[in-house]
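Reading through the structure tokens given below for one structure.
What follows draws every value from the coordinates through simple rules; no lab data is involved. Note that the coordinates shown come from a computational prediction; the quantities given were computed from them, not determined experimentally. When we count neighbours, we look across all protein chains shown, and the Cβ atoms used for this are built from the backbone with ideal geometry, even at glycine.
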Amino acid sequence: MDWGLTIEYEYNDVIMKTKSAYKAKENVGNIDIGCGNAFGGNEEEGGEGETGSEKVNDVEYGFNLAKTAFSKPEFMTYMKEYLKKLKAHLEENEGKDKADAFQKGAQDFIKFVVSKFTDFEFYLGASEKMEGALIFSFWEDESASGPVFYYFKDGYKEQKC
């Protein structure tokens, strides 16, 4: 399914970053193609649903992410093991150069997370495509409609639609 999310790549193309927004629960996954109210949304709310409907974060809700918590030492232990597995997988399947570029980007990203650790929320992917993957949420811009989410690009199985 195309969720209409824009993905940017950062940290040597190791990290995928996408913006999120709070939407009416029933509209998560619905994409505005510029038809306005032609298919029946609530025009006052820009098609975002009935007044008073529950608002949810589209990325968190749409991808069924499960919030988790870590102390900084627990986080570092988890990431050390997780990144070790990802690097070994990349060395085996993509070669040493790809694994080395991954390691550099991953280390830079983890330094960023640790430097702002208390500002991050962490999620685990609930689907088999993201088994064991840690997803990072960070309010990059307080005036934005939602936080940004960061994923390790090589940390989940891509599905072609």
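Observations
- Most to least packed among 89-99, 54-64 [average Cβ atoms within 10 Å]: 54-64, 89-99
- Estimated FRET transfer efficiency when R0 is 45 angstrom, pair E26-E92 (beta carbons, to 0.05): 0.55
- Pairs exceeding a 26 Å alpha-carbon distance, out of K23/K80; K19/K153; K84/K153; K116/K153; K67/K111: K23/K80.
- Spin-label model distance (nm) - K72 vs E140, 7 Å beyond Cα toward Cβ: 2.4
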